[in-house]
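Notes follow the structure.
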Amino acid sequence: MSHSREDWVDAAWTLLGDVGVDGVRVESLARTLGVTKGSFYWHFKNRQDLIDALFDRWFGLREEVRDEFRRANPTPQERLWKVIERGIIRGTQGQAAALRLWAQRHPEATGRITEADSLRRQFFTEQFLALGLDDHTAKIRAEVYMAVISAEFLHSGGRNETDRLHFARQKHEMLVGQE
């Protein structure tokens, strides 16, 4: 059976949530997919190429940078909430946390995260400014909101989706002033 590059990325993404970046190995993925290691090299130059694809997958999930997202969520409160809600509903299982931890030892990955986080921070700051906060407060709230999102799975990942959404919603409402 032939597998696409996307099949390899899907399998690696699933494995990433279970074992972290260091556990994502070509051999184990080939076994999971029922193919030889040679199939991997048809789609990727090396393991780092696969890891780069995992970062691309993660950053591609950040819908807030798309115009459609802004149109579908017209208020700042909705936009902020949808970022957290979609992360929970999407069913990610710690992939972002695994990539962030791995990046602490790999400066080239840290640079990619810093760049992506800068875009997210700017988006969050814009939303808090639209809620009427001053520039300084909006920037601080944006940082706190990012921390809440980054820690959500670590804090609540073992709970069911309903509970995760409930606890995330409480934090969201406190941060956007809807308590």
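The values are calculated or read from the model by the stated rules, or taken from the named source; none is laboratory data. No experiment lies behind these values; they were computed from the predicted model shown. Cβ sites come from the backbone with ideal geometry, for glycine too, and all protein chains shown count toward neighbours.
Is it fair to say Asp7 is in contact (Cβ under 8 Å) with a residue 24 or more places away in the chain, more than 15 Å from the chain's Cα centre (by Cα), loosely packed, with under 12 Cβ neighbours inside 10 Å and assigned to a helix (DSSP H, G or I)? Taking the combined requirement at face value, the residue does not satisfy it. For region 75-134, a tally of residues being in a loop (DSSP other than H, G, I, E, B) and modelled with pLDDT of 95 or more returns 5. On the given criteria, is Arg47 in contact with a helix residue (DSSP H, G or I) (Cβ under 9 Å, 6 or more places away or on another chain) and free of Cβ contacts under 8 Å to residues at least 40 places away in the same chain? Here the answer is yes, as Arg47 does meet what is asked. Among the residues of region 62-103, those identified as more than 28 Å from Gly132 (Cα to Cα) and surrounded by 13 or more Cβ atoms within 10 Å (Cβ to Cβ) are Thr92, Gln93, Gly94, Gln95, Ala96, Ala97, Ala98, Leu99, Arg100, Leu101, Trp102, Ala103. Whether a residue is more than 18 Å from the chain's Cα centre (by Cα) and under 30 Å from Asp163 (Cα atoms) was assessed, and Gln77 passes this test. Annotation: Tyr41 fulfils all but one of (1) part of a helix (DSSP H, G or I); (2) closer than 30 Å to Leu129 by Cβ; the unmet one is (2). Being at pLDDT below 95, surrounded by 17 or more Cβ atoms within 10 Å (Cβ to Cβ) and acidic (Asp, Glu) holds for only one residue in Glu179, Glu161, Glu152, and it is Glu152.
For region 114-125, the set of residues classified as within 19 Å of Asp52 (Cα to Cα) and either without any contact (Cβ under 8 Å) to a residue 24 or more places away in the chain or in contact with a Lys or Arg (Cβ under 6 Å, 6 or more places away or on another chain) (or both) consists of Thr114, Glu115, Ser118, listed by residue number.
When Gln170 is tested against (1) over 19 Å from the mean Cα position of the chain (by Cα); (2) part of a helix (DSSP H, G or I); (3) buried (at least 16 other Cβ atoms within 10 Å of the Cβ), exactly one condition is not met: (3). In region 126-157, which residue that is free of Cβ contacts under 8 Å to residues at least 40 places away in the same chain and polar (S, T, N, Q) is farthest from Gln93 (Cα to Cα)? Checking each candidate, the answer is Thr137. Looking only at region 127-147, which residues are surrounded by fewer than 17 Cβ atoms within 10 Å (Cβ to Cβ) and closer than 15 Å to Lys82 by Cα? If the condition is that a residue be surrounded by fewer than 17 Cβ atoms within 10 Å (Cβ to Cβ) and closer than 15 Å to Lys82 by Cα, then Met146 is the only one that fits.
Taking region 80-125 as the search range and keeping residues that are acidic (Asp, Glu) and closer than 18 Å to Val148 by Cβ, which one is farthest from the chain's Cα centre (by Cα)? Taking the candidates together, the pick is Glu85.
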